[in-house]
Amino acid sequence: MEFFKVNVEVDQDGFIHNKYGGNANAEFLDEDSYPDFSPKISWEKVPNAKSYALELIDYDSCPVIGKIFVHWIVGNIHSTILEENASRKNTDIIQGINSLTEGFLRSNIDESKKPQSNIKSSKYIGPMPPNGDHYYLFNVYALDIEKLDIKLPFFINDMHDAMRGHIVALGRCEFKYKQCKK
């Protein structure tokens, strides 16, 4: 497998700016007061890649919620950059379901409300670590296909199923976010 460099702006200690997570001012939060203003992320062009996909994962969430937290899933990216606030503004990409959803199989909400929860949660949701600073990982996948064969809304496993056999290279970037004070 080939590897490539991924970049996200961090300070000298490896932290992204507060505006991308739970310590953000109100202008960077959605109507439910969740952070949904995504950071700029870029990566090296991979020869023969026809598209890219990415995921943003918090592994430090396991002691807090008992599982990894999926913050962002994006597919059908046809450039080597997602500009700041792409989650809100970039209509050329597809976005998968983050871990705030209640639309999963074993949730306790009414079946009729699950689809809406999945659609509402198909966007970037910024870091909100309650128990201390957390590390976050962007994985960017270079793909040999133009478009993922995937039905919206989709979970992270759906994206991995659609990418299987099409990943030509992988890029990774880790950053930190300060404990959420709100």
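The values are calculated or read from the model by the stated rules, or taken from the named source; none is laboratory data. Treat the numbers as computed from the prediction; the structure is a model and nothing was measured. Note: ideal-geometry Cβ built from the backbone for every residue, glycine included; neighbour counts use all protein chains shown.
Scanning the stretch 130-162 for residues that are under 23 Å from Lys40 (Cβ atoms) and not in a loop (DSSP other than H, G, I, E, B) yields a total of 12.
Screening the stretch 95-139 for residues that are among the aromatic types (Phe, Trp, Tyr) and within 11 Å of the chain's Cα centre (by Cα) and picking the one that is nearest to Leu170 (Cα to Cα) gives Phe138.
Just so you know, in the stretch 65-98 the residues that are in a helix (DSSP H, G or I) and at pLDDT 95 or above include one that is surrounded by the fewest Cβ atoms within 10 Å (Cβ to Cβ), and it is Lys89. Consider the stretch 163-182 and keep the residues that are part of a loop (DSSP other than H, G, I, E, B) and of a type outside the set (Lys, Arg). The one that is modelled with the lowest pLDDT is Cys180. If you go through the stretch 105-120 one residue at a time, do you hit one that is part of a helix (DSSP H, G or I), surrounded by fewer than 13 Cβ atoms within 10 Å (Cβ to Cβ) and acidic (Asp, Glu)? Looking for residues that are part of a helix (DSSP H, G or I), surrounded by fewer than 13 Cβ atoms within 10 Å (Cβ to Cβ) and acidic (Asp, Glu), one finds at least one in the stretch 105-120, hence yes. Got a number for residues in the stretch 14-27 being in contact with a strand residue (DSSP E or B) (Cβ under 6 Å, 6 or more places away or on another chain), surrounded by 17 or more Cβ atoms within 10 Å (Cβ to Cβ) and not β-branched (Val, Ile, Thr)? Summing the residues that are in contact with a strand residue (DSSP E or B) (Cβ under 6 Å, 6 or more places away or on another chain), surrounded by 17 or more Cβ atoms within 10 Å (Cβ to Cβ) and not β-branched (Val, Ile, Thr) in the stretch 14-27 gives 3.
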